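Colleague: Dumping the structure here so I can ask a few things about it.
Bear in mind that the values in this text are calculations on the coordinates, not laboratory data. Every value quoted in this text rests on a predicted model; they were computed, and no experiment measured them. Note: ideal-geometry Cβ built from the backbone for every residue, glycine included; neighbour counts use all protein chains shown.
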Amino acid sequence: MAVRASIASRLNLPAGRLARREALVGVLLVMPWFVGFLIFLLGPMLVSVYLSFTDWDLLTPAKFVGLKNYRKMIFEDPLIKQALKVTTIYAFSAVPLRVVGGLLLAVLLNQNIKLKSFIRTVFYLPSVVSGVAVAMLWLWIFNSDFGLLNLILNLFGIPGPAWLSDTRYVLAAFVIMSLWGVGGSMVIYLAGLQGVPTDLYEAAEVDGANSLTRFWYITLPMISPVIFFNLVMSIIAALQIFNQAYIMTQGGPQNASMFMMLYLYFNAFEYFKMGYASALAWLIFFYILALTLLVFRSSSHWVFYTGSVRGK
């Protein structure tokens with residue numbers, strides 16, 4: 001208040017008028033974001049809520065059908081169970097690998113080694129490559145006849161499987177492929193690791209703690225907020241996988257890679273069932289929300305913040 005009064009006196013303005021001017025400037029600055037939020041986020045969400053209660057094929061007017069789409073989704077559509085199963089198995093397999101892999105990679109690259117910056121860049125670059133380009137690259141890597149992965153396996157006398165055309169291996173192929181972007185989380189882990197106070201390590205070393213003990217009791221608790229962030233973001237990304245499956249397998253073989261987002265796309269833009277696709281979109285939304293809330297709920301037991309007790 002004293003600062004505002006001082007500024008008002010210099011500008012020869014009443015304090016109340018200066019406060020109103022500041023509020024107006026703030027509203028004007030926020031307005032572009034707010035308009036964009038209404039047009040590109042909230043508006044489409046509200047429209048999708050309405051469409052989920054309709055039968056609409058993009059060509060004829062939408063027909064209100066009540067809860068028919070949701071009833072079909074829960075009780076009548078056998079493929080929705082397969083899509084949920086595939087998506088869940090993929091998420092529960094890929095997310096731990098990405099979280100743990102990114103952390104281990106960050107710990108290794110946080111040491112004093114030669115060409116450290118160059119190696120970090122090499123590991124980070126794949127995470128910013130276009131999803132379509134990545135899918136085309138992995139199509140070649142997983143090719144059963146001349147793919148790089150099977151060529152390497154053949155060097156050790158191991159016959160390579162038909163990764164993308166065998167129901168037993170196609171999901172494993174996508175899980176392996178998910179490690180391609182581990183460099184993105186690695187960079188965030190590196191930032192967290194470099195923020196750990198060195199005096200904690202020095203005190204632990206004086207007390208006789210070895211490297212593993214220091215990592216378990218100092219490093220992990222201090223970077224647990226970073227682990228929490230990467231875990232949440234990885235869950236959200238894994239449950240929305242689409243580009244890779246659409247380009248590489250189209251949901252096959254025998255729907256073994258029919259992810260939820262891919263099934264939603266087929267219903268919307270190939271079967272022209274926009275109402276049913278909107279209902280599927282809300283199913284995915286609430287599924288992601290439920291898992292994210294579970295992680296948030298558990299965070300009080302394992303996420304520690306500076307100056308807090310057990311994450312509270």
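Colleague: What helices does the chain hold that run 30 Å or longer along their axis, going by alpha-carbon atoms, with a Kyte-Doolittle average of 0.5 or more, using DSSP H for the helix calls?
Modeller: 15-37, 78-109, 274-302
Colleague: Applying a 10 Å radius around every beta-carbon, put 186-196, 86-96 in order of their mean neighbour count, most first. Mind dumping the intermediate values first?
Modeller: On the way: 186-196: 17.5, 86-96: 19.2.
The peptides rank, most packed first, as 86-96, 186-196.
Colleague: Before anything else, pin down the relative contact order of segment 68-302: Cα pairs under 8 Å, at least 6 apart, normalised by residue count, whole percent.
Modeller: 29 percent
Colleague: Oh, and also: Return the calculated 222 nm mean residue ellipticity for the chain, to the nearest 500 deg cm²/dmol, obtained by summing -39500 (n - 2.57) across DSSP H runs with n ≥ 4 and dividing by the residue count. Intermediate results must be reported in sequence, preceding the final value.
Modeller: Numbers: 16 runs with 199 residues, N = 312.
Mean residue ellipticity, 222 nm, calculated: -20000 deg cm²/dmol.
Colleague: Average projected area of the Cα convex hull of segment 183-312, in nm²?
Modeller: Mean projected area for segment 183-312: 10.9 nm², to one decimal.
Colleague: Taking 0.36 nm per intervening residue step and subtracting the Cα-Cα distance, what contour gain separates Leu200 from Leu289 on full extension?
Modeller: 28.4 nm
Colleague: By count of other Cβ within 10 Å, fewest leading, how are Leu151, Leu115 ordered? Provide the component values of the computation, followed by the final result.
Modeller: Working: Leu151 13, Leu115 9.
The order, fewest Cβ neighbours first, is Leu115, Leu151.
Colleague: Considering the chain as a Gaussian network with a 10 Å cut-off on Cα pairs, which listed residue, Gly252, Gly26, Gly131, attains the greatest mean-square fluctuation?
Modeller: Gly26
Colleague: So which aspartates and glutamates can Lys85 reach, going by Cα to Cα under 19 Å and dropping same-chain residues fewer than 8 places off?
Modeller: Filter leaves Glu76, Asp77, Asp166.
Colleague: Exposure proxy check: Trp33, Trp282 ranked by fewest other beta carbons within 10 Å?
Modeller: If I rank by nearby Cβ atoms, fewest first, I get Trp33, Trp282.
Colleague: Given q = 0.12, 0.15 Å⁻¹, what are the Debye log10 I(q)/I(0) values for the chain, with equal point scatterers placed on the Cα positions and solvent ignored?
Modeller: -1.03, -1.24
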